[in-house]
Amino acid sequence: MDTGMDLLHSSGVELVQYLQLNYKDSQSWLTFISFAADLRNTFFVFFPIWFHLCEAVGVKLIWVAVIGDWLNLIFKWILFGQRPYWWVHETSYYGNSSVPVLEQYPITCETGPGSPSGHAMGSAGVWYVMVTAFLASAFQNKQHCVQNRVALLCSRCLRSVLWIAFWLMQLCVCASRVFVATHFPHQVFLGVISGMVVAELFGRIKAIYNATLRQYLKITLFLFSFALGFYLLLKVLGVDLLWSLEKAQRWCARAEWIHIDSTPFASLVRNMGALFGLGLALNSPMYAESCKGKRGRQLSFRLGCIVASLTVLHLFDTVKPPTQREFLFYLLSFGKSAAVPLAAVAIVPYCVSQLATPREKKLL
């Protein structure tokens, strides 16, 4: 088994070297792709846009992102996946021959296990939701168009273009994660497939659109308790699920490239905060008053909410929790993540609604 995995890893290292040697001029683009594929952009950019254009899609985005990343954490703890930038230093596969030299970058030193890729899984899930939602909206009256050959041809072309764009996006994300020596090729492939499966499954679950605050709270507590209980159980059995943190600290080229927000528990806390914040927002009086009334159906109001939400969340994202104390960092990360959907869904629309009310009265 070890020999087979060593062969798989060594072939992955060869691909990393090939990309770093032949696409070095594309370093800025490839590192940007990793940044763009981060789930942070789902919460701070994609979610507020889609929520105010189509509420159901926005809700699904949060669920797919959160559950997908939670499953990614569990899979990583089960699979014990290596990462290229530390594997080349610790493996005995190369024997007395020289160890392959892999260049590292500021985003290389992820501290969790490597399989499956979280960036690939999150990107595939989120973009799958957005592409299928756009196609469903564009062709909701398809039955009236099939008799028109031009319309049918246009629909096929649009489908082809969007799915080609989807796969090109995933290819770029996978190439980016391999290029920076954070993942092996099989890990990003597994991430893409897993992300699409999660997105497809949540396309069939209707209960997420009408969940109460109590249900959100129960699910949040269950997910957190399960992950924490799984970690503590294996720790009692002598298995340290944070084994990868020591490897990252030992083999990262620069200590400042190791960030606490890349640790497994940091992603868990962020995701639980986002899910709880969404439940709190959707069941708040501010959301009911602003988004559920007559004004919530006005395009100008929705566009105003999008612009205001993106502005507020951009400013909010500049505030970073202090990293000196781990517990305080996790606590503030939870609060910050919960505040994102709360602001985009409830607070910002309520404020926009209140600002619009005096103008309407003047016009009357």
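The values are calculated or read from the model by the stated rules, or taken from the named source; none is laboratory data. As the structure is a computational prediction, the values presented were derived from the model and not from experiment. Note that each Cβ is placed from the backbone with ideal geometry, even for glycine, and that neighbours are counted across all protein chains shown. The area values use the complete protein model at the heavy-atom level, side chains included, leaving out ligands, DNA and RNA. Shrake-Rupley method; radii C 1.70, N 1.55, O 1.52, S 1.80 Å.
Numbers at a glance
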read-out	value
Residue count, the range 316-335 (criterion: under 16 Å from Asn41 (Cβ atoms), open to solvent by 30 Å² or more (accessible area, probe 1.4 Å) and part of a helix (DSSP H, G or I))	1
Filtered residues of the range 1-28 (kept if open to solvent by 60 Å² or more (accessible area, probe 1.4 Å), more than 9 Å from Tyr93 (Cβ to Cβ) and either touching a strand residue (DSSP E or B) at 6+ places or on another chain (Cβ under 9 Å) or among the hydrophobic types (A, V, I, L, M, F, W, C) (or both))	Met1, Met5, Leu8, Leu15, Leu21
Residue match in the range 240-256 (condition: surrounded by 12 or more Cβ atoms within 10 Å (Cβ to Cβ), of a type in the set (S, T, N, Q) and more than 15 Å from Val66 (Cβ to Cβ))	yes
Those residues of the range 209-239 which are under 27 Å from Thr108 (Cβ atoms), among the hydrophobic types (A, V, I, L, M, F, W, C) and surrounded by 15 or more Cβ atoms within 10 Å (Cβ to Cβ), in sequence order	Ala227
Which listed residue is within 22 Å of the chain's Cα centre (by Cα) and more than 16 Å from Arg270 (Cβ to Cβ), from Leu315, Leu342	Leu315
